[in-house]
Amino acid sequence: MRRVIGFLILAAILVGIAFGLGTLPGEMSATVGTYSFAASLPIVALAVIILFALLYVLIRLVAAIFGAPGRFGRGRHQRQLRQGERAVTRAFAALAAADPKAAKREADRARRLLPQSPMALLISAETARLSGKTEEAEASYRRLAEQSDSAFLGLRGLLRQALDAGDWTLAADLARRAELAHPGAPWLRAERAKLALRTGAWAEALALSGPEAPRAVMATAAADAASDAAQALRLARDAFAADPSLAPAALAYASRLRARGEERKADGVIEKAWTRGPHPDLATFYMARDSDVMARLKAADRLAKCNPEHGESHLILARAALAARLTGQARQEAQAAIAAGLDQRRVWVLRADIEEADAAAGGGEGATFAAHEALRRSQTAQPDPRWRCAACTAEQVEWHPSCPVCGTVGQVAWTNAMAPATRAGGPVITLLPGEAI
Ligand SMILES: [Zn+2]
């Protein structure tokens, strides 16, 4: 409607101008050499308008003739772009359909049509990777990594290749570069956390891991690896807070407190840990500062009171009493330990030691017989608890944050072979050698 109104206005103006010209009075004449021209003013005005119109058409014609190659080139480029995009789409479809031959054909076509396109480079790299052509894939990923827009895609591909090859140092470097290219990517954070676990960078693993990770285990390991005393103390405190029943965490914290002269606080940590999960190493640490046997017995008594019904409490009392040559009390506590569930080799061997101590002190044949009987029972008793990986059951001499055999993090627990591991400091994180993460 607006166009119609505009046209009517323009037509009215033109008619007005034509009418104005037609009513103009006067005449124009010109003389060129021996020729003379004369015409009325409206005719001259009309001739000028026609001349300008012809000139305009001529200029447009010349421009169209000279601009044709450019337009032809643009059209060709557009066609090439469309064909390239179609090739990329077909290559992705072939990849999704697990057809590497078709994917490679289309990826090569896409690279030919779109040599500078990051998508063509990416599809080419992915196709090469799936076909096992790692060098070809790496070259494409490198080119992607060199372009600012696609740097993350390239670094991601290179990182996956480094992980597949088990080159953890290179992988860690690529992960850091990828983090700079695209900060805060959740996938990258998870990969960096796994890498940190694999390389034993416990503090970094702790910082990158989510709440589902075995934080007490990682914080204990990080505290042991920390060179700065204040940082080690903070990490050990966090580890103990995360899981007070994890004996290595309690020991990591208590030992640092003791090193600072905070004995009472260290004792408090061990006592709390004893209530949650009694472990012989806790008792050893707790009684270590007392050299006198009676003082050690008193310390054992204090600690045992924190968890009086537990077999380990009776066992530490039995050992301390024997050291103090109180064989009657030692025998009573050892028996209580067995009754509390510690029908284990170490307790029967201790019973034999108690009877032998009695025999040596003049206990007679009865004591010797009791010692032999206790040793006999030790042969059929349950095995002693050990640090054992709950994932692969491999036995360890000492606690490890990750199993030295199978690489599982947080599954080395204090247990015996008769009972499955009841706790291991958190969820399982398995890092098998060569595992793709
Ligand atoms: Zn294991």
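Restricting attention to helices (runs of 4 or more DSSP H) lying wholly within region 165-270, give those where 1 or more residues are closer than 25 Å to S313 by Cα.
Once the helices (runs of 4 or more DSSP H) in region 165-270 are filtered for at least 1 residues that are closer than 25 Å to S313 by Cα, what remains is 215-225, 229-242, 247-259.
Given the conditions (1) modelled with pLDDT of 95 or more; (2) within 13 Å of the ligand (Cβ to nearest atom), report the number of the one that V428 does not fulfil.
(1)
I'm trying to understand the selection: among the residues of region 391-406, which are in a loop (DSSP other than H, G, I, E, B) and either surrounded by fewer than 19 Cβ atoms within 10 Å (Cβ to Cβ) or not small (G, A, S) (or both)?
C392, T393, A394, V397, E398, W399, H400, P401, C403, P404, V405, C406
Suppose the filter is touching a Gly at 6+ places or on another chain (Cβ under 7 Å), aliphatic (A, V, I, L, M), modelled with pLDDT of 85 or more and part of a helix (DSSP H, G or I); does A102 pass it?
So A102 fails the test.
Being modelled with pLDDT of 95 or more and in a helix (DSSP H, G or I) narrows it down to one residue among E333, E355, E373, E365; which is it?
The match here is E333.
Run down K265, K272 and say which single residue is in contact with a helix residue (DSSP H, G or I) (Cβ under 6 Å, 6 or more places away or on another chain), open to solvent by 60 Å² or more (accessible area, probe 1.4 Å) and within 20 Å of M287 (Cβ to Cβ).
Answer to the selection: K265.
Under 6 Å between Cβ atoms, which residue pairs at least 6 apart in sequence (or on different chains) link something in region 271-286 that is in the same structural domain as A242 (by TED's automatic domain parsing) and touching a residue at least 12 places away in the same chain (Cβ under 8 Å) with a partner that is among the aromatic types (F, W, Y) and open to solvent by 60 Å² or more (accessible area, probe 1.4 Å)?
What qualifies is H279/W414.
How many residues are open to solvent by 30 Å² or more (accessible area, probe 1.4 Å) and under 27 Å from the mean Cα position of the chain (by Cα) when one looks only at region 103-130?
The total comes to 5.
Kindly evaluate R60 against the criterion of being among the basic types (K, R), modelled with pLDDT under 75 and not assigned by TED's automatic domain parsing to the domain that holds R112.
No.
For A334, only one of the following conditions fails: (1) in contact with an Asp or Glu (Cβ under 7 Å, 6 or more places away or on another chain); (2) open to solvent by less than 20 Å² (accessible area, probe 1.4 Å). What is its number?
Looking at each condition in turn, A334 falls short on (1).
Taking the condition farther than 30 Å from L122 by Cα, open to solvent by 100 Å² or more (accessible area, probe 1.4 Å), out of contact with any Leu (no Cβ under 9 Å at 6 or more places or on another chain) and at pLDDT below 80, does F52 pass?
no
The values are calculated or read from the model by the stated rules, or taken from the named source; none is laboratory data. Everything numeric in this text was worked out from a predicted model, so none of it was measured. Note that each Cβ is placed from the backbone with ideal geometry, even for glycine, and that neighbours are counted across all protein chains shown. Areas reflect the complete protein model, heavy atoms only, side chains present, ligands, DNA and RNA absent. Shrake-Rupley method; radii C 1.70, N 1.55, O 1.52, S 1.80 Å.
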